[in-house]
Amino acid sequence: MSDDLDSFAPPPFKPEGALLQIKRSLRDLKLTERGNAFELRGKRVVELSADATTLTARLARRLALTPQWDTQAVTSTPQQRKLIDEVKKRLARWEQED
């Protein structure tokens, strides 16, 4: 019985599929998609890119026309959820600042 539990491995991370899921989540948060980026009120807040093994996201620190960026590499499903949670936190903070 313990051999069955030890042999369980999570499915491999697929950046292309994760990119589609993240884009869907960002659109659900009312962000506007422009190419590889998402905007809030005409200001870029998220930029996404994917290669064979990693999805890279750049998140704006503040809502600005020329923002400073924080970069996050996503290589697993938990990191994907963490990225969406971080975007939600920043959106809430920006709404409070306005």
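Some observations on this one:
- Flag for residue 76 being modelled with pLDDT under 95 and either farther than 22 Å from residue 98 by Cα or not aliphatic (A, V, I, L, M) (or both): yes
- Residues that are surrounded by 11 or more Cβ atoms within 10 Å (Cβ to Cβ) and over 18 Å from residue 55 (Cα atoms) within region 27-43 comprise 29, 31, 32, 39, 40, 43, listed in sequence order.
- Filter pass, residue 90 being at pLDDT 90 or above, surrounded by 15 or more Cβ atoms within 10 Å (Cβ to Cβ) and of a type outside the set (A, V, I, L, M, F, W, C): yes
- Conditions (1) surrounded by 10 or more Cβ atoms within 10 Å (Cβ to Cβ); (2) of a type in the set (S, T, N, Q); (3) in contact with a strand residue (DSSP E or B) (Cβ under 6 Å, 6 or more places away or on another chain): number failed by residue 71: (1)
The values are calculated or read from the model by the stated rules, or taken from the named source; none is laboratory data. Here the structure is a predicted model, which means the values were calculated and not measured. Here Cβ is always computed from backbone atoms with ideal geometry, including for glycine, and neighbour counts include all displayed protein chains.
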